[in-house]
Amino acid sequence: RVADAYARDQTVLRQEARLAARYGEGGRTAARTVCLIVVSFLVCVAGIANAMLMSVLERFREIATMKCLGARNGTIAFLFITESTVVGVVGGIAGVAVGLAMAFARLLAQYGGLVLVRLPGHDVAMIAAGCLACGLFLAMLAAICPARVASRMAPMEAMRIQ
C-alpha cells in the first residue's frame, strides 16, 4: 500500500513538474489570456444586450399597455433586468456545467484515476461560484440600456407601432 501511494505521489509530482516547465511557476495569468477573457466578456455583454433590446422591440404593445395601466418606469425596467438575470443564471449554470465537464474529461484522460484522489473540490466550487456570479453580473449590466429604453417609451407612440 505504501509503495502504491508513493508511486501515485511520484506520478503527480512528475506531472506537476511537466506542467510547471510548460506553463511556468506561479499563478500569474498571461496577458494573452487576460485579453481573451476581456473579449469574451464584451461578447457576452453585447449578446445579452442585443437579445434584450430585441425583446423590448418585440413587446412594444405590452409595454405600452402596462404603462397605460399605471406601471411605473422603474417597474418596467425591473422586469427587463429580472428577465436578463434569469438568462444570466441559466447561461452561467450551463457554462459552468460544460466547462467542468470538459475540464474533468481532459484531466481524466491525462491523469486517469488520480483526478478522483487529488481533485481540489473546494477550489473548483469557489471558481464555479465566481464564474456564475460573473455571468450574473454581466447579464444584469447588459440589461441596463434595454431596460432604460423600455421604461422611457411613450405609451401612445408604442401603441401606434404594429
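The values are calculated or read from the model by the stated rules, or taken from the named source; none is laboratory data. All values derive from a computational prediction rather than experimental measurement. Cβ atoms come from the backbone with ideal geometry, glycine included; neighbour counts cover every protein chain shown. Each accessible area value is taken on the protein alone, full model and side chains, heavy atoms only, with ligands, DNA and RNA left out. Shrake-Rupley method; radii C 1.70, N 1.55, O 1.52, S 1.80 Å.
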Restricting the stretch 92-102 to residues that are small (G, A, S) and either touching a strand residue (DSSP E or B) at 6+ places or on another chain (Cβ under 7 Å) or open to solvent by 40 Å² or more (accessible area, probe 1.4 Å) (or both), the residue that is farthest from L141 (Cα to Cα)
A101
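Which of the helices (runs of 4 or more DSSP H) contained wholly in the stretch 1-111 include at least 2 residues that are under 21 Å from C131 (Cα atoms), of a type outside the set (G, A, S) and at pLDDT 85 or above?
Numbers: elements: 2-23, 31-58, 60-68, 73-111.
In the stretch 1-111, 31-58, 73-111 are the helices (runs of 4 or more DSSP H) which contain 2 or more residues that are under 21 Å from C131 (Cα atoms), of a type outside the set (G, A, S) and at pLDDT 85 or above.
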Filtered residue count, the stretch 128-156, keeping only those that are under 17 Å from G91 (Cβ atoms) and crowded, with 20+ Cβ neighbours inside 10 Å
6
Identity of the residue in the stretch 103-127, without any contact (Cβ under 8 Å) to a residue 24 or more places away in the chain and of a type in the set (D, E, K, R), that ends up least open to solvent (accessible area, probe 1.4 Å):
D123
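How many residues does the stretch 48-58 hold that are open to solvent by 40 Å² or more (accessible area, probe 1.4 Å) and either touching a residue at least 40 places away in the same chain (Cβ under 8 Å) or in contact with a strand residue (DSSP E or B) (Cβ under 8 Å, 6 or more places away or on another chain) (or both)? Full working, then the answer.
Going residue by residue through the stretch 48-58, those that are open to solvent by 40 Å² or more (accessible area, probe 1.4 Å) are 50-51, 53-54, 57-58.
Narrowing further to those that are either touching a residue at least 40 places away in the same chain (Cβ under 8 Å) or in contact with a strand residue (DSSP E or B) (Cβ under 8 Å, 6 or more places away or on another chain) (or both): 53.
Here the count works out to 1.
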